[in-house]
Amino acid sequence: MGKRQDWSVTACIFLFLSLASQIHCRSHIPFPSPKRGVSSSGDTSHFNVIQRESVPSPKDKDLIQQLPGQPSDVTFKQYGGYVAVNKPAGRFLYYYFVETIKPGNTTPLVIWFNGGPGCSSLGGAFKELGPFRVHSDGKTLFRNPYSWNNEANVLFLETPVGTGFSYSNSPINGKQGDKATAEDNYMFLVNWLERFPEYKGRDIYIAGQSYAGHYVPQLAQIILHRNNQTLINLRGILIGNPSLNREIQDDFGYKFMFSHGLISQQQMDNYNKFCTDSDLYDWDKCHLASQKIEAQKTHLDIYNIYAPLCLNSTLSSEPKKCTTIMKADPCSGNYLKAYLNIKEVQEAIHANTTKIPYEWTSCNTKLLWEWNEKDRYVSLTPILQELMGKGVRVMLYNGDVDLVIPFTSTLAVVKTMNLTVVKEWRPWFTGGHVGGFTEDYKGNLTFVTVKGAGHSVPTDQPIHALNIFTSFIRNTPLPQTA
C-alpha cells in the first residue's frame, strides 16, 4: 500500500510539473498577426481568454495546498480564507473548510460554531471534530480518525467579528450581541455559497456547542425567514451542551456539584437556606456560602469534572510518544495556540492577511465579558419550537460530566417546551458499550446524553460524538442494542 501511495505522489508531481510547463509555454505564445484588412486593434478575444484563464477564482485562492506539519495521508481538500459580511464597514469573517473524505454531489454541508461568545471555531476544528489535532510540539499534526468529515463537508466559522482571525476595519459601536452576529453569519453563508456554488441546494445542517445554542437557532431562523430552498436547504440543527436559557440553567451548577460529591451537604444546605429560601434569604451569608462552593471549582476542570488539569503548558521539543485521540491532553489548547500563531501556518491557511495587531487566542475575553447582557439571558426555546414547526430536525446532546452546562439543566429547559415524549428514556450503544441515554419528543426533537464526556463531547468521547453525528445526518436512530 505504501509503495502505491509513493508512486501516486510521484505521478501527481510529474503531472503537475508537466502541466505547469505547458501553462508557462502557453503564456508565451506569440499573438497572431492580424489578418489582412484587420487592424492591430481588432479582435483580441483569443488573448483575453488566455488572460482570464490565468486568474484564479476566489475559491481557488482559498485552497490550502498543505498545512505545515500535516500527515502525508491526506486525501481531501481544505480551504481557508475571508468572506466579507459588510464591505462598507470592513467586516470579514474567517473560515476553515474541509471537504468530506468520501466526496459526492449530494454529501451534505455542516456549518460548525464554537461558543463563548467570542470563542474560535478553529478550536472545534483542531481540538474536537476536525481531521487533525496538534502535537505537543505545537508544530506538527496528527489525524483524528473520528473526524466529522468522514460523513460530511464541514465548514468552521470564526464568529463574531473579533473572534480568532475575524476582524473589522472600523470600530464597532456599543456592545456586540446576538442580532448583529446572526445577520453577519447569514451574510457569510450567502456569500460563501457564491464562492462555492456546488453546495447550493444541498442538505445543510448547522451545528455547534455552548453559546452556539444562540448562534445556531438564530441563524436557522433567519434562513427560514429569508430563504429560497434552492439556495440553502436547511435540514436540521445539532447543538452540544447548549446555552438555551440561562435563567433556568444557572440554578443547576451547585446541585450538580453536590450530586457528584464535589461539595458537602452542609455547604449545599447553607446555599439553599440563605440564597434560595425567600424567608431566610441573607445577602452576606449567601455570599459566603457561594464563595465556599466556588472555591472548590479552583481544583477542577469545570468543563469536565473528571479530567486532569494542565499542569505544564510548556511545549515539548518532540511530539509526546503514544499520543492518541482517545486520551484528551489537558494542555492541547496551548499546542493549538502555538501552532496557529506560526507565520508559515497563517500563510498556508490564508489567515491574518491584514496583520491583526494581536495574536490568535481560543477565546476573546473582551467579547466574552462585554457581550450584550440581555442577549445572554434570552430564551431560545421559542425559536426551537418555530424551527420544529417548519420541519427542521433538532438534536440536543450533553456530556454528562460537564459542570458549565450540566445535562440536568438542558433537560430542565426542554421540559419548559411542554413536548410529548414519543420514545422514552433509554440507553444507546457504541461498540457494545453504553454511549449514553436518549429520549425523543414529538416534533422531531431528540435529547442525548454522552457518558464520560464534558463540555466538548468530540474531545472527550470522539467515537460517541461521531456516532451521534452520523445518526443525526442520516436521520437514523442511535444504536439501541449492545
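Check whether at least one residue in region 464-476 is on the phi > 0 side of the Ramachandran plot and either crowded, with 22+ Cβ neighbours inside 10 Å or under 24 Å from the mean Cα position of the chain (by Cα) (or both), and report yes or no.
Among the residues of region 464-476, at least one is on the phi > 0 side of the Ramachandran plot and either crowded, with 22+ Cβ neighbours inside 10 Å or under 24 Å from the mean Cα position of the chain (by Cα) (or both), which makes the answer yes.
If I go through region 164-220 residue by residue, how many of them are touching a helix residue (DSSP H, G or I) at 6+ places or on another chain (Cβ under 7 Å), farther than 24 Å from PRO382 by Cβ and among the charged types (D, E, K, R)?
Count: 2.
Would you kindly identify the helices (runs of 4 or more DSSP H) lying entirely within region 393-482 that contain at least 1 residues that are aliphatic (A, V, I, L, M) and without any contact (Cβ under 8 Å) to a residue 60 or more places away in the chain?
Of the helices (runs of 4 or more DSSP H) lying wholly inside region 393-482, those with at least 1 residues that are aliphatic (A, V, I, L, M) and without any contact (Cβ under 8 Å) to a residue 60 or more places away in the chain span 407-415.
Between THR276, THR361, THR354, which is within 36 Å of the chain's Cα centre (by Cα) and exposed (fewer than 13 other Cβ atoms within 10 Å of the Cβ)?
Answer to the check: THR354.
With respect to ALA338, determine if the residue is part of a helix (DSSP H, G or I) and of a type in the set (Gly, Ala, Ser).
Yes.
Does GLN221 satisfy the condition of being over 27 Å from THR416 (Cβ atoms), modelled with pLDDT of 95 or more and assigned to a helix (DSSP H, G or I)?
no
Against the conditions (1) touching a residue at least 40 places away in the same chain (Cβ under 8 Å); (2) within 20 Å of LEU193 (Cα to Cα); (3) in a loop (DSSP other than H, G, I, E, B), where does PRO117 fall short? Just the number, please.
(2)
Anything in region 193-222 that is aliphatic (A, V, I, L, M) and either crowded, with 23+ Cβ neighbours inside 10 Å or within 19 Å of TRP148 (Cβ to Cβ) (or both)? List them, or say none.
ILE204, ILE206, ALA207, ALA212, VAL216, LEU219, ALA220
How many residues does region 100-126 hold that are out of contact with any strand residue (DSSP E or B) (no Cβ under 7 Å at 6 or more places or on another chain) and surrounded by 24 or more Cβ atoms within 10 Å (Cβ to Cβ)?
2
Can you pull out every residue in region 65-76 that is surrounded by 14 or more Cβ atoms within 10 Å (Cβ to Cβ) and either of a type in the set (Phe, Trp, Tyr) or touching a strand residue (DSSP E or B) at 6+ places or on another chain (Cβ under 7 Å) (or both)?
LEU67, GLY69, GLN70, PHE76
The values are calculated or read from the model by the stated rules, or taken from the named source; none is laboratory data. Here the structure is a predicted model, which is why all the values come from computation and not from measurement. Because the Cβ atoms are built from the backbone with ideal geometry, glycine has one as well, and the counts that use them run over all protein chains shown.
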